[in-house]
Amino acid sequence: MSTNFIGQSVKRREDYRFLTGAGQYTDDVQFANQTYAYFLRSPHAHAKIKALRKDKALKAPGVVAIFTGEDIANSKMGGLPCGWLITDVNGQPMKEPPHPVLAHDKVRYVGDHVAVIIAETYAQAKDAGELVEVDYEVLPAVVDAGDARKKGAPALHDIAPDNTCYVWGIGDKAAVDKAFASAAHVTTLELVNNRLIPNAIEPRAATASYSRADDSYTLYVASQNPHVERLLMTAFVLGLPEHKVRVVAPDVGGGFGSKIYLYAEDVVVTWASKKINRAIKWTAERSESFQSDAHGRDHVTKAELALDKNGKFLALRVHTTANMGAYLSTFASCIPTILYATLLAGQYTTPAIYCEVTAVFTNTAPVDAYRGAGRPEATYVVERIVETAARELKMDPAEVRRKNFITQFPYQTPVALLYDTGDYNATLTEAQKLADVEGYAARKKASEAKGKLRGRGYACYIEACGIAPSAVAGSLGARAGLFEAGEVRVHPTGKVTVFTGSHSHGQGHETTFAQVVASRFGIPFEDVDIVHGDTSKILFGMGTYGSRSIAVGGTAIVKAMDKVVNKGKKIAAHLLEAAESDIEFKDGFFQVAGTDKKKAFAEIALTAYVPHNYPHDKLEPGLNENAFYDPTNFTFPAGSYICEVEVDPETGQVKIEKWVAVDDFGKIINPMIVEGQVHGGLVQGIGQALTEGCKYDKATGQLLTGSMLDYSLPRADEVPSFVVGTKETPCTHNPLGVKGCGEAGAIGAPAALMNAITDALGIKDMPMPASPQNVWAAMQANKVKKAA
């Protein structure tokens, strides 16, 4: 039986417990004598808190305690930290206003935390919340990024009277200006990357308990990175000894970035559990999630592309205003800078690029990373303007791309990144083949015969996964390391338990990581267990985001396995009376090269734990190793997407008729899991382009899309059957040759779909989402003719 599981579509082992109801999520965790928390939230986008009275609420049935911003301030608790410092174009640090755990003196968005009510049941806590009397002095609000810096706009923070967090730039401005002066053609686009609200199946949740016995805390939380959560909470907010706080992220029902951050609720229930000496549970209602989960995207951009007469790109100039919301969330500041502007080269040899980003505060929920995190925004700018330039020059969009593709690697872009490998022609060629590009004209004619408008759009994306290395990230403002840790514990019988700092919330780590370990050790897949999500068990870890798990977390595990193998060779050499240099390890056996003398992996493991015949002078007993891995570079997945749509000119309804996605993820461990990740990302990208969009009332700052009645997630009947394929150029700087795959679909999909829709309508641009109403309005505004 083969023990090489790399490249095999092994069924996900974790699915059995999920499908049979045996999973354990944070809301499933129950402590004895547990209480429940309800957070009173601001109904106003911007207001002063003149007075807060909780006397009536304290007398309500079941109420245990009520804490307010004043209580938090008196406790000397720190505010919620931002994990990335951006330095502006003048060399000054960004404006970093305090982010109180509970609002004190002032609220700054609808949903801002005002007080927490703790009671015997959640219903009692919620009922008591209605008895808390808050006297607000309502202030003017600003919600749109484009309005935040206008004269007379209401200021959110004293530290930033013009609502500007930073103005940041990258690239050679002078070279870009010079290239534009000599360009034969300039394409200009003004784009809006619409704000999105994450909607994981499992809402955010936190359950905390305190032990008087050893003055310790335990927090169960729906989180993508429990170690980071613990570090931020203990070191920067609560001032607790880190070793006295255990953070457990059990089964987590999706994250998509929204569960990376340290949230106020997590801090409050942890702090309050000692105050009342009882466990406290909080689970968000869906309406709370809409209001208070970190939102995504929300960019307003003007982009200009300079080309020569033959369609070669000369320069790209981009000015973006990024909405940060009311406060800086944990990683918010780096999303529209380090993770956005550095990707504006795309797959192309554009010689000069300059991007300037203005980050602003508004009376809206904080904005942070959401699946793709900066990369979808960059791809949308690049791929929309490339497609538009091709149309203006009356050139084939695919051929314009080929003319400008990077073909020599490694390639240093003008915006900091060094691409190690890729073959963009190969992915585009395969995508065109699968999309039957030659048959498009006949399909378009058939659509017209039905009275429908047909369009086709391309998107050739690139992304940077696994932020790295720590030293470079630190020089760019990161306030944390970006390594990963892994521990490989070989038991006496040869079975293996792996402890990883990565966290799985739908990615299938318990399967994929086990495939890697079983293949390297040559042991059955069933003999490997993967443990994650518990700071009391895991050495350390930076968690899961940015498609880093297999490339960074997996490599840390490989490095630990290499140590196990190296120790195993020493033991085998002793047992086989051979030189260590003659010992080879392959397919689960330590063998003397050129002979049939060998020892199985399990025999070596047993010897390590029963060291009767053992090289005691050279080795300690046991077979347990750990490793840290700090990558030397990002990985750079890339791909080509082709989308065809039909638009009903009578109703504005868009139907996706064909979707082809060809991606290069380097070496693929489990094709089935990778395909599932691509499908999921594509649906989220389609959601942004076709149905989703967060809206606030401009006058009052009220959230208008605060429920599933108003915020439209894509449904099954709005999503096509995808045709997917892969091309492989292995990553050159990790031993597995892998690249990230989890965000690709969400990165490339919006541009491909909007390129198809604008092609069908024969227009330059229209805002996302392309809802029937918005499409119909765009048709009227542009006097689009109906199909023949």
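The distance from the alpha carbon centre of segment 160-221 to that of segment 621-653 is 18 Å, rounded to a whole number.
Rounded to the nearest 20 debye, the dipole magnitude of the chain is 840 debye, with +1 charges on Lys and Arg beta carbons, -1 on Asp and Glu beta carbons, and the Cα centre as origin. Measuring nothing but how far apart in sequence close Cα pairs (under 8 Å, 6+ apart) lie, relative to its length, the chain scores a relative contact order of 16 percent.
Principal axis analysis of the Cα atoms in segment 412-489 yields extents of 60, 39, 24 Å, listed in decreasing size.
Rounded to whole Å, the principal axis extents of the Cα atoms in segment 433-549 read 70, 43, 22, largest first. Between LYS695 and SER721, the distance separating the two model label sites (each 7 Å from Cα on the Cα→Cβ line) works out to 3.5 nm. Placing R0 at 30 angstrom, the Cβ-Cβ distance between ASP105 and ASP214 gives a FRET efficiency of 0.25 after rounding to 0.05. The protection proxy used here, the mean number of other Cβ atoms lying within 10 Å of each residue, ranks peptides 443-456, 111-124, 740-753 as follows, highest first: 740-753, 111-124, 443-456. Note on segment 251-383: percent of Cα-Cα distances in each 10 Å bin, starting at 0 and stopping at the bin with the largest distance, equals 11, 34, 26, 16, 8, 3, 1, 0. Computed on protein heavy atoms with a 1.4 Å probe, the accessible areas place HIS185, HIS295 in the order HIS185, HIS295, largest first. Across segment 524-599, the relative contact order, built from alpha-carbon pairs under 8 Å that are at least six residues apart, equals 15 percent.
Ranking THR68, PRO772, VAL784 by Cα position along the charge dipole of the chain, where only Lys, Arg, Asp and Glu carry charges on their C-beta atoms, puts VAL784 farthest toward the positive end. Dividing the mean sequence gap of close Cα pairs (under 8 Å, 6+ apart) by how many residues segment 422-493 holds gives a relative contact order of 16 percent. In the structure displayed, which of LYS559/LYS586; LYS450/LYS655; LYS570/LYS618; LYS309/LYS394; LYS312/LYS667; LYS302/LYS785 lie more than 20 Å apart, Cα to Cα? Result: LYS312/LYS667; LYS302/LYS785 exceed 20 Å. With q set to 0.05, 0.06, 0.08 Å⁻¹, the log10 of I(q)/I(0) for the chain, from the Debye formula over equal scatterers at the Cα positions, is -0.28, -0.40, -0.70. Here segment 106-175 is described by how far its Cα atoms reach on the three principal axes: 65, 27, 20 Å, from widest to narrowest.
Where Rh is the Kirkwood radius over the Cα pairs of segment 64-112, the temperature 10 °C and the viscosity 1.306 mPa s, what D in µm²/s does Stokes-Einstein return? The calculation lands on 122 µm²/s.
Projecting the Cα atoms of GLY481, TYR458, GLY439 onto the charge dipole of segment 335-488, computed from C-beta unit charges around the Cα centre, puts GLY439 farthest toward the positive end. The DSSP beta bridges internal to segment 112-245 are antiparallel in roughly 90% of cases.
Size descriptors for segment 675-748: radius of gyration and Dmax over Cα atoms are 17.4, 55 Å.
Take every DSSP beta bridge whose two residues both sit in the chain; close to 80 percent of them are antiparallel.
Just list whichever of LYS56/LYS275; LYS95/LYS151; LYS259/LYS495 have alpha carbons separated by over 24 Å in the model shown. Long pairs (Cα-Cα over 24 Å): LYS259/LYS495. Quick one: check the C-alpha center-to-center distance for segment 671-735 versus segment 250-284, whole angstrom. With segment 671-735 and segment 250-284 each reduced to a Cα centre, they are spaced 26 Å. Between ASP28 and PHE409, the simple spin-label model (points 7 angstrom out along Cα→Cβ) gives 4.1 nm. When the Cα positions of LEU58, ASN4, VAL114 are compared along the charge dipole of segment 1-139, ASN4 comes out farthest toward the positive end, with charges on each C-beta of Lys, Arg, Asp and Glu. Taking every full run of DSSP H in the chain, the ones that stretch at least 24 Å from end to end by Cα along their long axis and average 1.0 or higher on the Kyte-Doolittle scale are 744-761.
Between segment 116-147 and segment 434-501, what is the C-alpha centre distance in whole Å? Taking the Cα centre of each part, segment 116-147 and segment 434-501 sit 39 Å apart.
The values are calculated or read from the model by the stated rules, or taken from the named source; none is laboratory data. This structure is a prediction, so every number in the text was calculated from the model and none was measured. Every residue, glycine among them, receives a Cβ derived from its backbone with ideal geometry; neighbour counts consider all protein chains shown. Accessible surface areas use protein heavy atoms only, side chains included; no ligands, DNA or RNA. Shrake-Rupley method; radii C 1.70, N 1.55, O 1.52, S 1.80 Å.
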